[in-house]
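Read-outs: derived from the displayed coordinates by stated rules, not from any lab. Treat the numbers as computed from the prediction; the structure is a model and nothing was measured.
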Amino acid sequence: HHPLRPPAGWTNSRPAARSPPSGFAYRNLLQGLTPPHTATHRNPFREWIGALIRADIHGWTHPGAPAAAAEQAHRDAVLTHTANGVYGAMFIARPSPKPPPAPPTYTTACAPA
């Protein structure tokens with residue numbers, strides 16, 4: 001069992017994906033290909049931004065760990081994309097190294113009369 005390949009039977013229970021490049025990669029999975037070949041075989045959309053669009057979840061699930069977020073985005077992206085399609089996903093997935101500052105706290109100067 002390939003670590004990036006879905007469990008046995010999973011692909012048989014899903015309707016065929018219709019949007020490129022995911023649809024091409026899904027078709028390739030059904031034909032028995034494994035990553036990275038799922039992204040490269042007859043997939044003219046392999047450098048598009050589909051993986052980038054779904055990559056922000058990896059940053060959200062790895063706060064403060066940009067390397068881990070980028071690694072997870074890479075594992076996801078190579079299923080459907082190559083080269084710039086993968087690099088864009090890895091870039092977008094990187095969370096900010098520092099959390100945003102807390103919003104200001106407002107206090108009242110005088111108690112109501």
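Across segment 61-78, coupling constants 3J(HN,Hα) worked out from phi with the 6.51/-1.76/1.60 Karplus curve, θ = phi - 60°, read 8, 10, x, x, 10, x, 5, 5, 5, 5, 5, 5, 5, 4, 4, 6, 5, 5 Hz, and Gly and Pro carry x.
In plain terms, the C-alpha convex hull of segment 53-92 casts an average shadow of 2.3 nm² when viewed from every direction.
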